[in-house]
Amino acid sequence: DVKVTQSSRYLVKRTGEKVFLECVQDMDHENMFWYRQDPGLGLRLIYFSYDVKMKEKGDIPEGYSVSREKKERFSLILESASTNQTSMYLCASRDITNSPLHFGNGTRLTVT
Amino acid sequence: DQQVKQNSPSLSVQEGRISILNCDYTNSMFDYFLWYKKYPAEGPTFLISISSIKDKNEDGRFTVFLNKSAKHLSLHIVPSQPGDSAVYFCAAGFSGTYKYIFGTGTRLKVLA
């Protein structure tokens with residue numbers, strides 16, 4: 001079974017802090033994704049990476065950056081956290097296009 | 001512009017009966033569709049997918065139907081069980097792109 005592990009289940013950060021969310025997958029998947037889930041808005045794509053060191057913006061990249069230095073690890077960075085970034089963050093990986101995404105359990109981030 | 005829509009935010013069904021969850025899309029280029037189930041405080045779990053070359057796909061109690069002319073897909077769960085109570089998301093994508101577009105979700109409650 002594919003395992004996608006997000007380092008934190010719950011995080012509380014202050015406005016203006018730099019925040020790192022880490023994600024690791026164990027199935028040698030090429031593609032990795034960061035989504036956020038908000039009530040009434042579904043899952044929205046922040047960034048994705050189709051290979052090591054490669055990244056592309058999703059639908060809501062503002063205020064975020066990402067890093068993929070190794071194939072198994074994909075990090076989401078909030079450069080200066082704001083209260084509107086309070087959300088559930090979900091990491092996912094996938095082997096090839098037109099195949100299912102495998103999600104981690106999510107990180108519930110609260111910015112105060 | 002919401003390209004993938006789940007117009008019913010919630011649905012209640014009696015245990016043992018059929019649950020039908022609906023999803024509409026606007027982009028006729030979509031050629032791969034997925035359904036996910038999500039429990040609170042967990043990541044989405046892949047349920048079933050369908051390619052646009054098919055109009056039906058079954059996996060145990062779950063069947064997905066695709067009506068390309070109507071740009072509509074549905075997930076049927078038969079028989080429904082209390083453990084099926086969760087939020088269900090549909091998603092769509094098309095060949096040559098990396099991302100999937102998710103709907104806003106439907107909360108299913110199966111009553112014992």
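Just a few scattered comments:
- Modelled spin-label separation between residue B:78 and residue A:14, with each label point placed 7 Å from Cα along the Cα-to-Cβ direction: 5.9 nm.
- Normalising the average separation of contacting C-alpha pairs (under 8 angstrom, six or more residues apart) by the number of residues puts the relative contact order of chain B at 37 percent.
- Annotation: extensible slack from residue A:26 through residue A:82 equals 17.0 nm (criterion: 0.36 nm per residue apart, minus Cα-Cα distance).
- With R₀ fixed at 45 Å, the C-beta to C-beta distance from residue A:73 to residue B:11 puts the FRET efficiency at about 0.75.
- Under the Karplus curve 6.51 cos²θ - 1.76 cosθ + 1.60, θ = phi - 60°, whole-Hz ³J(HN,Hα) for the range A:100-112, x wherever Gly or Pro sits: x, 7, 10, 9, x, 7, x, 10, 8, 9, 10, 10, 10
- For chain A, fraction of C-alpha pairs farther apart than 23 Å, in %: 20 percent
- Normalised by 2.2 N^0.38 Å, where N counts its residues, the alpha-carbon radius of gyration of chain B equals 1.01.
- Normalising by residue count, the range A:9-70 has a Cα convex hull of 117 Å³ per residue.
- Charge tally around residue A:19: other residues with Cβ under 14 Å, Lys/Arg +1 each, Asp/Glu -1 each, net +2.
- Each Lys and Arg Cβ is given +1 and each Asp and Glu Cβ -1; about its Cα centre, the range A:10-112 then shows a dipole of about 280 debye.
- Stokes-Einstein D in µm²/s, Kirkwood radius over Cα pairs - the protein assembly as shown at 4 °C with 1.567 mPa s viscosity: 72 µm²/s
- Taken about its Cα centre, the range B:1-76 carries a charge dipole of roughly 100 debye when the Cβ of each Lys and Arg holds +1 and the Cβ of each Asp and Glu holds -1.
- Shielding of A:53-62 by partner chains, average beta-carbon count, 10 Å: 1
- Simple label model, 7 Å out from Cα along Cβ direction - residue B:27 to residue B:51, nm: 2.0 nm
- Size of electric dipole in the protein assembly as shown: Cβ of Lys, Arg +1 and of Asp, Glu -1, about Cα centre, debye, nearest 20: 380 debye
- Rg in Å to one decimal, and Dmax rounded to a whole Å, for the range B:9-60 via C-alpha atoms: 13.3, 37
- Taking each of A:18/B:37; A:57/B:109; A:3/B:71; A:13/B:109; B:68/B:109; A:71/B:71 in turn, the alpha-carbon distance tops 30 angstrom for A:18/B:37; A:57/B:109; A:3/B:71; A:13/B:109; A:71/B:71.
- Net charge, residue A:55 excluded, C-beta distance under 12 Å - Lys, Arg +1, Asp, Glu -1: 0
- With the cut-off at under 20 Å, measuring from each backbone N in the range A:73-95 to a point 7 Å along the Cα-to-Cβ line of residue A:108 picks out A:82-92.
Each reported figure results from applying straightforward, stated rules to the coordinates on display, with no laboratory input. The structure displayed is predicted, hence computed values, not measured ones. So basically every Cβ, Gly included, is an ideal-geometry build from the backbone, and we count neighbours across all protein chains shown.
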